[in-house]
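What follows is one structure encoded as C-alpha cells, with my remarks underneath.
The values are calculated or read from the model by the stated rules, or taken from the named source; none is laboratory data. Nothing here was measured: the structure is a model prediction, and the numbers come from that model. Positions of Cβ are generated from backbone atoms using ideal geometry, with glycine treated the same way; all protein chains shown enter the neighbour counts.
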Amino acid sequence: MPQQRYQILADELRQKIDSGEWSPGTKLPSRSQLCQEHGVSDTVVGKAMMILRATGLTETLEGVGVFVAGDRDASPPGP
C-alpha cells in the first residue's frame with residue numbers, strides 16, 4: 001500500500017534532521033514555505049509536522065515557529 005503524502009513529507013523532513021542538515025535548535029521553514037517547496041496542501045504539512053512532534057523530533061514555540069528538538073540523548077544539566 002503506497003504511503004500517504006503526509007507520511008512521505010514527514011520522512012523527507014526527518015531525513016534532514018537525521019542527516020544533520022537541520023541541527024538541534026534550527027527553525028524549520030514555515031508551513032507556507034513547505035507547501036510551496038513540496039507542492040502540497042497546508043493539511044499535508046500539518047499532518048507531517050504532527051508526526052515529527054509526536055516522535056520528539058521537533059518542538060513548537062507558539063507564535064515563533066517549529067524547531068528541531070535538542071539532543072534527545074543528552075542528560076539534563078546537573079546541579
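Could you please find all residues in segment 36-55 being surrounded by 17 or more Cβ atoms within 10 Å (Cβ to Cβ) and in a helix (DSSP H, G or I)?
Those that are surrounded by 17 or more Cβ atoms within 10 Å (Cβ to Cβ) and in a helix (DSSP H, G or I): His38, Val44, Val45, Lys47, Ala48, Met49, Ile51, Leu52.
Looking at the structure I just gave you, is Lys16 touching a Gly at 6+ places or on another chain (Cβ under 6 Å) and either at pLDDT 95 or above or more than 13 Å from Thr58 (Cβ to Cβ) (or both)?
It is false that Lys16 is touching a Gly at 6+ places or on another chain (Cβ under 6 Å) and either at pLDDT 95 or above or more than 13 Å from Thr58 (Cβ to Cβ) (or both).
If Gly39 satisfies all but one of (1) on the phi > 0 side of the Ramachandran plot; (2) under 11 Å from the mean Cα position of the chain (by Cα), what's the number of the condition it fails?
All conditions are met except number (2).
Within segment 56-68, is there a residue that is hydroxyl-bearing (Ser, Thr, Tyr) and part of a helix (DSSP H, G or I)?
The answer is no, given that none of the residues of segment 56-68 is hydroxyl-bearing (Ser, Thr, Tyr) and part of a helix (DSSP H, G or I).
Mind listing whichever residues of segment 11-29 are within 16 Å of Gly70 (Cβ to Cβ) and in a loop (DSSP other than H, G, I, E, B)?
Listed by number, the residues that qualify are Gly20, Trp22, Ser23, Pro24, Gly25, Thr26, Leu28.
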